[in-house]
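> One structure coming up, written as structure tokens, with questions to follow.
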Amino acid sequence: MSEVPWPVVMVFGAIGLYALACLHLFLTQYHKVYRVQRGGEGTPHDWGIDYESVTIDNQGKHLCAWWIPGSLERPVLLFCHGNGLTIHRLSKQVLFLRPLGLSILVFDYQGYGYSAGKVSEAGILSDTAAVWHYLVEQRGIKGEDILVYGHSLGGGAATWLAARYPCAGIILEGTFTSIPEVASDHYPWLPTHTLARIEFNNMANITRIRVPVFITHSTEDSIVPFYHAQRLYTSAQAPKHLLPIPGRHYDAFVQFGSAGLNVLKEFFKIPDTPPNR
């Protein structure tokens, strides 16, 4: 029996390794996209802020949330947090946004923190809708008075919600065009669009949004490259604003400080000094 030529062996070996790499990405993408954090310690009281702990029902699954009251004359901020976080780890973001005088509602998706259930794309989207319904139906807040904030993975929930439900506007920080596109940034040699089982198609959603869009993104972001923000901004309807900033993916806007907050405040025409509550 003649030997198989070594070039043939190398070709088939390379094909086998490529197939294994594709299989690995296909099987591990949930763990890569959803870096779930369970439990958590501390509350807004520990940050020096009054709050109310609330439980929101989503089709029998209980979501943990905190209502942080602000001025009745201001919009309500619905905050969709990023990956690897829970509401217990949002002290920097909440304290950063407090000078706006807004009421803030933060919540954990299914499977995160102390929320019941198991994380999935459909679950995150339905959770966000359930929280919107809670604000409107139980808090008596008009949809048009809700500002939706999405950070990183939370941007997928925010664009989906703003494309389908009434709101006052949307804020995106470190948000991607879609999960397959981010995957292609990190695995350019793999057919990520074919392998992806998680979509979060922000590009498709943002074209449907008819309220003001504020996008901020670090030009140094190594997780979600800055071009994602540029593409989202180009596809968004006016009025819109893109604020490039320096810093890390996780907390660039917070670290940018009052300069960024002032731009946000001016874009949404929020008065400088919160009125007395």
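> Anything in the stretch 248-273 that is surrounded by 17 or more Cβ atoms within 10 Å (Cβ to Cβ) and in contact with a strand residue (DSSP E or B) (Cβ under 7 Å, 6 or more places away or on another chain)? List them, or say none. Let's see the steps before the verdict.
Residues of the stretch 248-273 that are surrounded by 17 or more Cβ atoms within 10 Å (Cβ to Cβ), as a first pass: 249-254, 256, 260-261, 264, 267-268, 270.
Selection gives His249, Ala252, Phe253, Phe256, Gly260, Leu264, Phe267, Phe268.
> Any residue in the stretch 162-174 that is free of Cβ contacts under 8 Å to residues at least 40 places away in the same chain sitting within a Cβ distance under 6 Å of a residue that is of a type in the set (Asp, Glu)? List the pairs, counting only those 6 or more apart or interchain.
Hits for this filter: Pro166/Glu144.
> Based on what the data block shows, is Gly117 surrounded by fewer than 24 Cβ atoms within 10 Å (Cβ to Cβ) and without any contact (Cβ under 8 Å) to a residue 24 or more places away in the chain? So that I can check it myself, show each step before the final result.
Details: surrounded by fewer than 24 Cβ atoms within 10 Å (Cβ to Cβ): yes; without any contact (Cβ under 8 Å) to a residue 24 or more places away in the chain: no.
The answer is no for Gly117.
> Just to be sure I understand the filter: pairs with C-beta atoms under 6 Å, separated by 6 or more residues or on different chains, first member in the stretch 34-52 and within 16 Å of Pro99 (Cα to Cα), second member part of a loop (DSSP other than H, G, I, E, B). Which pairs pass?
As it stands, the answer is Pro44/Tyr51, since those pairs meet every condition given.
> Follow-up. Looking only at the stretch 216-255, which residues are touching a residue at least 40 places away in the same chain (Cβ under 8 Å), assigned to a helix (DSSP H, G or I) and not small (Gly, Ala, Ser)?
Start the filter on the stretch 216-255 by keeping residues that are touching a residue at least 40 places away in the same chain (Cβ under 8 Å), which leaves 216-218, 221, 223-225, 228-229, 231-232, 249-254.
Going one step further and asking which of them are assigned to a helix (DSSP H, G or I), we end up with 228-229, 231-232, 252-254.
Correct list: His228, Arg231, Leu232, Phe253, Val254.
> Suppose we filter the stretch 68-99 for residues that are over 22 Å from Trp160 (Cβ atoms) and of a type in the set (A, V, I, L, M, F, W, C); how many remain? So that I can check it myself, show each step before the final result.
Of all residues in the stretch 68-99, those over 22 Å from Trp160 (Cβ atoms) come to 68-74, 88-89, 91-92, 94-96, 98-99.
From what is left, the residues that are of a type in the set (A, V, I, L, M, F, W, C) are 68, 72, 94-96.
Qualifying residue count for the region: 5.
> As an exercise: evaluate Ser218 against (1) among the small types (Gly, Ala, Ser); (2) surrounded by fewer than 20 Cβ atoms within 10 Å (Cβ to Cβ); (3) more than 21 Å from Tyr34 (Cα to Cα) and give the number of the one condition it does not meet.
(2)
Matching residues to (1) touching a strand residue (DSSP E or B) at 6+ places or on another chain (Cβ under 8 Å); (2) crowded, with 17+ Cβ neighbours inside 10 Å; (3) touching a residue at least 40 places away in the same chain (Cβ under 8 Å):
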{"site": "Ile87", "(1), (2), (3)": "yes, yes, yes"}
{"site": "Leu90", "(1), (2), (3)": "yes, yes, no"}
{"site": "His133", "(1), (2), (3)": "no, no, no"}
{"site": "Gly150", "(1), (2), (3)": "yes, yes, yes"}
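> Among the residues of the stretch 135-161, how many are within 24 Å of Ile270 (Cα to Cα) and more than 12 Å from the chain's Cα centre (by Cα)?
11
> Of the residues Arg197, Arg164, only one is over 16 Å from the mean Cα position of the chain (by Cα) and modelled with pLDDT of 95 or more; which?
Numbers: Arg197 fails: modelled with pLDDT of 95 or more.
Exactly one residue qualifies, and that residue is Arg164.
> Separate question: Restricting attention to the stretch 38-64, and to residues there that are of a type in the set (D, E, K, R) and under 14 Å from Val106 (Cα atoms), which single residue is surrounded by the fewest Cβ atoms within 10 Å (Cβ to Cβ)?
The initial filter retains those residues of the stretch 38-64 that are of a type in the set (D, E, K, R), namely 38, 41, 46, 50, 52, 57, 61.
Those still in the list that are under 14 Å from Val106 (Cα atoms) too: 50, 52.
Details: Asp50: 9, Glu52: 11.
For the stretch 38-64, the residue satisfying everything is Asp50.
> In the stretch 84-138, what residues are at pLDDT below 95, among the charged types (D, E, K, R) and not in a helix (DSSP H, G or I)?
Lys118
> Here is a further query. For the stretch 43-83, which residues satisfy the criterion of being part of a loop (DSSP other than H, G, I, E, B) and over 21 Å from Ile124 (Cβ atoms)?
Within the stretch 43-83, the first condition is being part of a loop (DSSP other than H, G, I, E, B), and the residues that meet it are 43, 48-51, 59-60, 69-75, 81-83.
Correct list: Thr43, Gly48, Ile49, Asp50, Tyr51, Pro69, Gly70, Ser71, Leu72, Glu73, Arg74, Pro75.
> Would it be correct to say that Ile270 is in contact (Cβ under 8 Å) with a residue 40 or more places away in the chain, among the β-branched types (Val, Ile, Thr) and over 30 Å from Gly101 (Cβ atoms)?
Numbers: in contact (Cβ under 8 Å) with a residue 40 or more places away in the chain: yes; among the β-branched types (Val, Ile, Thr): yes; over 30 Å from Gly101 (Cβ atoms): no.
Answer is no for this residue.
> For the stretch 140-171, what are the residues that are part of a loop (DSSP other than H, G, I, E, B) and closer than 16 Å to Ala238 by Cα?
Applying the first criterion (part of a loop (DSSP other than H, G, I, E, B)) to the stretch 140-171 yields 140-142, 152-153, 163-168.
Residues satisfying the conditions are Ala163, Cys167, Ala168.
> Okay, moving on. If only one of Ala204, Ala183 is small (Gly, Ala, Ser) and either modelled with pLDDT of 90 or more or assigned to a loop (DSSP other than H, G, I, E, B) (or both), which one is it? Lay out the reasoning, then the answer.
On the way: Ala183 fails: either modelled with pLDDT of 90 or more or assigned to a loop (DSSP other than H, G, I, E, B) (or both).
The conditions single out Ala204.
The values are calculated or read from the model by the stated rules, or taken from the named source; none is laboratory data. Keep in mind it's a predicted model, so treat the numbers as computed, not measured. Here Cβ is always computed from backbone atoms with ideal geometry, including for glycine, and neighbour counts include all displayed protein chains.
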